[in-house]
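Here's the structure we're looking at; comments come further down.
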Amino acid sequence: MDTLERIKEIICEKTDIRPELLSEETSLEETGADSIDIIEILMELEYAFDVSIPDSAAVNLKNIGELRDYIEEKM
């Protein structure tokens, strides 16, 4: 499974959104995730990919595509 698909899978586990509704341009807020959900998603992504996503970086990641790029850069 590629990085983008794994990210989508994690987001879908934490929200009620279907994977086919997610694209690289989708922001975490557009998934219906509240602030607690977003924190949990980021923590799960850190665990799944063995990377650190500090708050200072997370606030600058505008969508799933940017999140994927950040994770791949840190892996």
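The residue list ILE11, ILE17 contains one member that is out of contact with any strand residue (DSSP E or B) (no Cβ under 6 Å at 6 or more places or on another chain), assigned to a loop (DSSP other than H, G, I, E, B), crowded, with 16+ Cβ neighbours inside 10 Å and not aromatic (Phe, Trp, Tyr), which is ILE17. Filtered by the rule that a residue be among the hydrophobic types (A, V, I, L, M, F, W, C), open to solvent by 80 Å² or more (accessible area, probe 1.4 Å) and over 17 Å from LYS8 (Cα atoms), segment 42-59 gives a lone residue, VAL59. Annotation note: Cβ proximity below 7 Å between a residue of segment 29-55 that is in a helix (DSSP H, G or I) and a residue that is at pLDDT below 95 and hydrophobic (A, V, I, L, M, F, W, C) (sequence gap 6+ or interchain) occurs for THR31/ILE17; ILE38/LEU28; ILE41/LEU28; ILE41/ALA33; LEU42/ALA58; PHE49/MET75.
The values are calculated or read from the model by the stated rules, or taken from the named source; none is laboratory data. Just so we're clear, the structure is a prediction, and the values are computed from it rather than from any experiment. In this analysis, Cβ positions are derived from the backbone assuming ideal geometry, glycine residues included, and neighbour counts consider all displayed protein chains. Heavy atoms of the whole protein, side chains included, go into the accessibility calculation; ligands, DNA and RNA do not. Shrake-Rupley method; radii C 1.70, N 1.55, O 1.52, S 1.80 Å.
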